[in-house]
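Since every read-out is calculated from the coordinates, none of them should be taken as a lab result. Quick caveat, the model's predicted, so the values are computed rather than measured. Note that we place each Cβ from the backbone using ideal geometry, even for glycine, and neighbour counts take in every protein chain shown.
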Amino acid sequence: MTTLDSLTSLAQWFFEALGIQFSDLQVIEQDAENHIYTVKISSDDSPLLIGPHGRTLEETQALLVQMAEQLIKSHCIIHLEINDYLAEKQKRLMSIVDRKVDLTRRNGIDQVIYDLSGYERKQVHAYISEKYTDIATKSIDGEKGRELHVMLKEGIVPTGEPVVHESSSRKSDTTADLASLDLEGTNI
């Protein structure tokens, strides 16, 4: 039995033992050498599995990782995706990041995003460095824990105007988006 087959059997047993009803379960090998896998599950019990702010999902994932490491006798990383929750969460996060970039470009004031996990901060740093040549990021210890700061690179001058995204054809849409922006970054 391959490692992938073993992990698939473990995941099926794990969720069945929890009494979770699921219509689909897949284990995808992302990197065999480094033992990185994604477990995707479709279930009507997703609120129970995800919990408030994804905390139950994180705890379930940690437990699944511990069991998988005992099974395969090696360190592994498992990303647990329930009904595309993480993909949607990342989409919302990057939307907030784009809005923070717009505000930074417009007024030149550093924008702060709070309450991100280390993994989410790493994703945002990579996303901004790939997408925006005029924007820099840094993580700083703040009053509320680690904060991700979005700022103009040195020598870049604020525009004073909202930036219109390629997907948005009307300036008023962007202005309305900026007006409704959660500046504390807590609505992720």
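Side notes on the structure shown:
- Of (1) -0.26, -0.40, -0.84, -1.05; (2) -0.26, -0.41, -0.95, -1.21; (3) -0.35, -0.53, -0.94, -1.07, the label for log10 I(q)/I(0) by the Debye sum over Cα atoms at q = 0.08, 0.10, 0.15, 0.17 Å⁻¹ derived from the coordinates: (3)
- With only Cα atoms counted, segment 25-90 has Rg and Dmax values of 12.0, 34 Å.
- Candidate lysines for bridging to Lys40, where Cα separation is under 26 Å - those fewer than 8 sequence places away on the same chain excluded: Lys73, Lys89, Lys91, Lys122
- Environment charge at Ile140 (Cβ cut-off 9 Å; Lys +1, Arg +1, Asp -1, Glu -1): 0
- When both bridge partners sit in segment 1-85, DSSP labels roughly 55% of those beta bridges antiparallel.
- In this label model, Lys131 and Lys89 are separated by 1.8 nm, measuring between points 7 Å along each Cα→Cβ vector.
- Here the calculated FRET efficiency for Asp44 and Ile156, from their Cβ-Cβ distance with R0 = 41 Å, stands at 0.25, rounded to the nearest 0.05.
- Ordering Pro52, Val124, Leu71 by the projection of their Cα atoms onto the charge dipole of segment 1-135, which places +1 on the Cβ of Lys and Arg and -1 on the Cβ of Asp and Glu, puts Val124 at the extreme positive end.
- Rounded to the nearest 0.05, the FRET efficiency derived from the C-beta distance between Glu143 and Ala62 at R0 = 25 Å is 0.40.
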